[in-house]
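Before any comments, here is the structure.
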Amino acid sequence: MDVHTVKEREGHNASASREEDRARRYYDAFAPTYERHRDGKGRYHDLLDELEVDLVARHARGGELLEVGCGTGLLLRRFSRLARRAIGVDLSPGMLAVARQRGLTVVEGSVSQLPFEAASFDVVVAFKTLPHVPDLRRALSEMARVVRPGGVLVVGLYNPRSLRRAVRALLPRRRVARYENDEDHEKEREVLCRYDRPSGPPPPRSLTGSKSSRRAASAPWCLPRSSSRCRSSARSSSTSRRALADTDLAAKHAGFVSYVLRAPPARPRPLSVDEPARARSRV
């Protein structure tokens, strides 16, 4: 590796570290009010949570699950009822403190360097997390590293063609985190927010050629600040919501689109020279 490549990689790592520090500060400040509009009353975020849990339930029942970017544990609490074992990881101590109060198993860590051994989980999920990660490919590679052969990654990305993004661009930005001064609030604007291609995330090398699918994790009519519409949507049948979320139309215009990547199964171990003879002798 030449000197130029080494310096370029060091600069990239330093930039990623700064982005993580900003995100940590932001979510620590956001933690006290994070659940203000996530109260189970059928609002916008409640609808998102329901669709995300429904998608994960298709793959996680009875298995071991890791949620990356678990926050206060709202989703992790529901995943723990589906999976045999559910663990969360997040870089924000403030968010994790709330999750621990719920009695959930969580650890502090970064998706860029997950604190788990390889092939530790059957399902690894991340919702509303990867859009704030500077190196998406590295994050996906880490998630792929800790999933078992034949396991599943479920990842949510912000849709660049969504109605939600268009509306957010027109409306003034709201202050969502509680900072001690206006200077810190201005830094909130610097937190990375990425919109990735609607065709899906770049598959990690270990998952190349794996089975994948996509699903809209929010109905296209649920726009920011249109809470009355979303409450009405939440009262409609769950079957209709799931059916709509699985359509190509919803995937094109929904604010959040989830992708399912399945790791290839483990390759059978080749027999040694004398193993066929031993196998025949047991017949």
(message) The conditions are (1) modelled with pLDDT of 95 or more; (2) more than 18 Å from Lys128 (Cβ to Cβ); (3) of a type outside the set (Gly, Ala, Ser); (4) assigned to a loop (DSSP other than H, G, I, E, B), and Arg81 fails exactly one of them. Which is it?
(response) (4)
(message) Let me spell it out: the conditions are (1) at pLDDT below 95; (2) surrounded by fewer than 19 Cβ atoms within 10 Å (Cβ to Cβ); (3) touching a helix residue (DSSP H, G or I) at 6+ places or on another chain (Cβ under 6 Å), and Val133 meets all of them except one. Which number is the exception?
(response) (2)
(request) List every residue pair whose Cβ atoms lie under 6 Å apart, where the two residues are 6 or more positions apart in sequence or sit on different chains, the first residue falls within segment 132-160 and is in contact (Cβ under 8 Å) with a residue 24 or more places away in the chain, and the second residue, located anywhere, is assigned to a loop (DSSP other than H, G, I, E, B) and acidic (Asp, Glu). (result) Leu157/Asp196
(message) Conditions first: (1) modelled with pLDDT under 90; (2) under 29 Å from Ala118 (Cα atoms). Gly40 passes all but one, so which condition is the exception?
(response) (2)
(request) Test Ser120 against the stated conditions and say whether it is closer than 22 Å to Pro204 by Cβ, more than 14 Å from the chain's Cα centre (by Cα) and buried (at least 16 other Cβ atoms within 10 Å of the Cβ). (result) yes
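The values are calculated or read from the model by the stated rules, or taken from the named source; none is laboratory data. Values in this document were obtained by computation on a predicted structure and should not be read as measured data. Methodologically, a virtual Cβ is constructed for each residue, glycine included, from the backbone with ideal geometry; neighbour enumeration extends over all protein chains shown.
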